[in-house]
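The values are calculated or read from the model by the stated rules, or taken from the named source; none is laboratory data. In this text, all values refer to a predicted model and were calculated from it rather than measured experimentally. Here the Cβ positions follow ideal geometry from the backbone for every residue, glycine too, while neighbour counts run over all protein chains shown. Note: areas computed on protein heavy atoms with side chains; ligands, DNA, RNA excluded. Shrake-Rupley method; radii C 1.70, N 1.55, O 1.52, S 1.80 Å.
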Amino acid sequence: MRRTRISSRSRQSVDAQTLGKLARRLSESGSRLEQQLWQRRLIELINDRIGRRDDDAVEAALDDLARSNQPAYDELADLAESCAESTVVEIDGQPHDALLLVLPLLAWSRYRLPTTTLAMPVCDSLRAHVTGHLLARDARIALADYLFSIDQLPEAFADVRRQIEQLGDAAAEGITLHIDSKKLREPVAMLADTRYLLIGIAARQGSALYHWQESGVDPDSKIAALAAFSEQVAAVLQPAMTGCRFRVLPPNAFHASLRYADRELREFSLEAAVSYLKLAYDFAPGALTAAYGVFEDSSGASGGEVRIGLAKSNQDDDVIEGIVWPLLGDDDEQTMDEVDKALKTLSVNRAVAHAHRFPLEFCDDCGAPMFPNAAGHVVHAEPPEEAEDRPAAPLH
């Protein structure tokens, strides 16, 4: 049972202020020695709060620094993520560093993308490939036996820490971590989306986690190892991804992997939409018009994005499929150029780039994003009326 915290708001406020001060001093450090001192103090305080399953002070400090000091925000966010996705577990009486990895898949399908419990033979094969291709000789591994959507992954720092603690314990015992799917939220149905495997790895403190870190091993062997790993894992996961086209991304630490997958999903989603229109309605890429522009929240409560509306070339008022391309901190003009380049690569010959900015609008009835048409208006994406073939499941 959760215990009531006495004067928690006051304590959180003090801790948030302290975290902010330490992060500012860290961002101003002029030497490695000075950086290490501030980092140690920050790590100690962050670990204390996350270990108590109370990361409100960390979040409050990040919110304040995001508005007032971007370099300090970056320093604190990096350390908070690192602390959340790692822990120390005891194996055979020795302390081991445990790290939470994510293995992302980019996938699209005209049917509902799977989130599912993985069969034990699949887990065993995945464990063998992680061990054989990636891990150092004495490193341990545990997998969660579930294919997650982004909506089902832990969000708060404390929840991420709880996940690696569970996987670290499973690695110590040499077992697979079972996930109770009944406790997970229902994912949002999308045409293209990410799916994730969670992996915990552990190595004796001070030892290598990955085989390319080991003494006498060429560090560049990582490149070939990841390529071979992705190829083998794709074959193992094929039965679980029936009806999907998917690509395996390289595994990495939890937060870094999510960010990388978000970036890779942008162009993948555009490619999926163009392919889907060809598959479902026989609309060739050259017969499509793409209209796109920057959408932003005037209140600043959420980040901006480029939205792309696809339509038949002779129907400037319509949008038959839409794609959201989050900016993720990128420059607006650079992102618009990237979208244009991606459209040309996909042979979408007519592209209309709107120079004006659109408000971040959503459908009042279903909550779906609204997309720009070639005429410069924001409309709901609707399947073409004359198409007889229809998707088998809702796609937004």
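The table below gives the values:
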{"quantity": "Nonlocal amide H pairs with residue 349, under 5 Å, H built at 1.01 Å", "calculated": "288"}
{"quantity": "Residue 223 accessible area, assembled protein chains, probe 1.4 Å, Å²", "calculated": "120"}
{"quantity": "Residues whose placed amide H lies under 5 Å from that of residue 252, excluding near-sequence neighbours", "calculated": "102"}
{"quantity": "Candidates 374, 170, 227: whichever shows maximal mean-square fluctuation once the chain is modelled as a Gaussian network with Cα springs under 10 Å", "calculated": "227"}
{"quantity": "Three-way shape label, segment 36-193, alpha-carbon gyration tensor, a/c 1.5", "calculated": "oblate"}
{"quantity": "Rounded accessible area per residue of segment 247-396, 1.4 Å, Å²", "calculated": "49"}
{"quantity": "Rounded to whole Hz, the Karplus (6.51, -1.76, 1.60) HN-Hα couplings of segment 35-47, x for glycine and proline", "calculated": "4, 4, 5, 5, 4, 4, 5, 5, 4, 4, 6, 4, 4"}
{"quantity": "Spatial separation of Cα centroids for segment 52-125 and segment 275-289, in angstrom", "calculated": "38"}
{"quantity": "Backbone HN-Hα couplings from phi across segment 67-79 [Karplus 6.51/-1.76/1.60, Hz, Gly and Pro as x]", "calculated": "8, 10, 7, 5, x, 5, 4, 4, 5, 5, 4, 4, 5"}
{"quantity": "Charge tally in the Cβ shell below 14 Å around residue 202, where Lys, Arg are +1 and Asp, Glu are -1, residue 202 excluded", "calculated": "-4"}
{"quantity": "Cα gyration tensor category, rounded, prolate or oblate, for segment 172-215 with a/c compared to 1.5", "calculated": "oblate"}
{"quantity": "Proximal charge balance of residue 141 [Cβ under 15 Å; K/R count +1, D/E count -1]", "calculated": "-2"}
{"quantity": "In Hz, Karplus ³J(HN,Hα) per residue of segment 288-296 (6.51, -1.76, 1.60; θ = phi - 60°; x = Gly, Pro)", "calculated": "10, 10, 10, 10, 8, x, 7, 10, 9"}
{"quantity": "With DNA, RNA and ligands ignored, accessible area of residue 155 (1.4 Å probe; Å², nearest 10)", "calculated": "120"}
{"quantity": "Nearest 10 degrees, 0 to 90: helix 332-345 Cα axis against the chain principal axis", "calculated": "60"}
{"quantity": "Cα centroid separation, segment 173-236 to segment 127-168 (Å)", "calculated": "7"}
{"quantity": "Reachable lysines, given that their alpha-carbon falls under 29 Å from the alpha-carbon of residue 312 and they are not under 8 places away in the same chain", "calculated": "278, 341, 344"}
{"quantity": "With all protein chains modelled, accessible area of residue 347 [1.4 Å, Å²]", "calculated": "60"}
{"quantity": "Amide H partners (placed H, <5 Å) of residue 135, local residues excluded", "calculated": "211"}
{"quantity": "Å² of accessible area per residue within segment 165-208, as computed with a 1.4 Å probe and no ligands counted", "calculated": "49"}
{"quantity": "Degrees separating the helix 157-173 axis from the principal Cα axis of the chain, which is the longest one", "calculated": "70"}
{"quantity": "Nearest-ten-degree value, helix 254-281 long axis tilted from longest Cα axis of the chain", "calculated": "20"}
